[in-house]
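Step one of this worksheet: look at the structure below.
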Amino acid sequence: MELISGTGKLYRVKSGQTAQEVENALGCPANSCFEGAVIAVERCSVHVAGPFESYKAIAARYGVEEEALKNFNGNRPIYPTCKIYIPI
């Protein structure tokens, strides 16, 4: 992991890193991840989805807007055991 900011709020994606590797390292979504991209590391918590959960149900549980939650997670599909990032 290469931080490019003294405050630790920016991250540059290294050659060969996948979006999943970046997400695992940072603990936040890495939408539009490609080599050389600079990602703003946002504070978030992680929710592991259970069976039959939806963005609407998860958003209500954490008190965030459904559309904001979808956008924060790149509108990816939800399935059991997937990680959904909740903006703080």
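None of the figures in this text is laboratory data; all of them are computed from the coordinates on show. Keep in mind the model is a prediction, meaning the values are calculated, not measured. Backbone-built Cβ (ideal geometry, glycine too); neighbour counts: all protein chains shown.
Once you keep just the Cα pairs under 8 angstrom separated by 6 or more residues, what percentage relative contact order results for the chain?
27
If the cut-off is 17 Å between C-alpha atoms, which aspartates and glutamates fall inside it for K56, apart from same-chain ones fewer than 8 positions away?
Partners within reach: E65, E66, E67.
Could you give the length gained by full extension between N24 and S54, i.e. 0.36 nm per residue of separation minus their alpha carbon distance, to one decimal place? Can you show the working numbers first?
Details: separation 30, 0.36 × 30 = 10.80 nm, distance 2.20 nm.
Result: 8.6 nm gained on full extension.
For the chain, what is the calculated [θ] at 222 nm in deg cm²/dmol (nearest 500), taking -39500 (n - 2.57) for each run of four or more DSSP H residues and dividing by its residue count?
Values: 3 runs with 23 residues, N = 88.
Value at 222 nm, helices only: -7000 deg cm²/dmol.
Grab the Cα-Cα distance for Y79 and E35, subtract it from 0.36 nm times how many residues apart they are, and report the gain in nm with one decimal.
Details: separation 44, 0.36 × 44 = 15.84 nm, distance 2.75 nm.
Taking Y79 through E35 to full extension adds about 13.1 nm, to one decimal.
Can you give the longest stretch of the chain with no exposed loop site, where a site means chymotrypsin sites (Phe, Trp or Tyr not before Pro) in a DSSP loop (not H, G, I, E or B) with at most 16 other C-beta atoms within 10 Å?
53-88
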